[in-house]
Structures are given as C-alpha cells and as structure tokens.
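Notes to accompany the following structure.
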Amino acid sequence: MKILADPFFPEAIVKDLNEAGYDAVHSVEIGASDLPVRDFLRLAAFESRIVVTRNRSLARLVESDTGAWPSVIFFRQDSTEAPQVTSTLFNLLKLFDDDLKNGALVIVREGQTLLRRFTKN
C-alpha cells in the first residue's frame, strides 16, 4: 500500500509507516507541499497513493465532489499525540484495506471512525 501525507500530517508518522514496510512519502520531501488541493489529490491518484491528512478543506472536497479522487484518511482531531495517531493509522490501514484500495474516505474523530465508500462511475 502506497501512502502520501500532506503538509498538515506529521512527518514522524511517515517515518514510522516506512519502518513498518509501507511505501509512504511526505509532501514536503517530494516538493509537493505547496500544490493546490486538487493538484495534490491528482498527484496521489496518479501515483495510486492513499492520502493521509489533517486538512479539513481537502477532506471536505473529497467528501462533496464526485471527482476521481484517491482514498483519503482524514484525522479530524488535532490534539492527538503522534504515537496514538500512528497506532490508529496502522489499525485503519489493516481494517479498511479493501475499501481503501477500491476508493474510500475514512474520517477519524474523537471516539468515532466513519467510512464512506466511493461509488464507481
């Protein structure tokens, strides 16, 4: 599974993902941190990467627009410590593996995880 973290996502967690065997890159390390949201999503889709983010605008766009977006995992809670986010992310990647491969938005917020599968056109 390939992952692209946006500029709002902690770089240390990307390192943890790589150490666990995932192909994860952070937008800062590939020079994509200044891309407009739509271009960032297009890049992720082109590279067949799942986006991990804390960016509300990005999540809202994916949720409201029926574009051909990549799967997105949106961490809505801003105050969660990195080790907890890492643990939660690893669990979500396993739990929603098929959904993320087929297109989905996963929203993580205090005490809840919401899944919205993308419909195939």
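Things worth noting here:
- Checked against the criteria, residue 95 does not count as under 17 Å from residue 20 (Cα atoms), out of contact with any strand residue (DSSP E or B) (no Cβ under 6 Å at 6 or more places or on another chain) and surrounded by 20 or more Cβ atoms within 10 Å (Cβ to Cβ).
- In the set 85, 62, 72, 51, only one residue is crowded, with 20+ Cβ neighbours inside 10 Å, without any contact (Cβ under 8 Å) to a residue 40 or more places away in the chain and either in contact with a helix residue (DSSP H, G or I) (Cβ under 6 Å, 6 or more places away or on another chain) or of a type in the set (A, V, I, L, M) (or both); that residue is 72.
- Positions within region 1-20 being among the basic types (Lys, Arg) and outside any strand (DSSP E or B), in sequence order: 15
- Residue count for region 23-48 satisfying the condition of being of a type in the set (S, T, N, Q) and surrounded by fewer than 17 Cβ atoms within 10 Å (Cβ to Cβ): 2.
- Test for residue 91: is it over 13 Å from the mean Cα position of the chain (by Cα) and at pLDDT below 95: yes
- A residue that is assigned to a helix (DSSP H, G or I), under 11 Å from residue 4 (Cβ atoms), of a type in the set (Phe, Trp, Tyr) and over 14 Å from the mean Cα position of the chain (by Cα) occurs nowhere in region 33-44.
- For region 7-35, a residue qualifies if it is acidic (Asp, Glu) and in contact (Cβ under 8 Å) with a residue 60 or more places away in the chain, and exactly one does: 16.
The values are calculated or read from the model by the stated rules, or taken from the named source; none is laboratory data. The structure presented is a predicted model; accordingly, all values stated were derived computationally and were not measured. Glycine also receives a Cβ, built like all others from the backbone with ideal geometry; neighbour counts cover every protein chain displayed.
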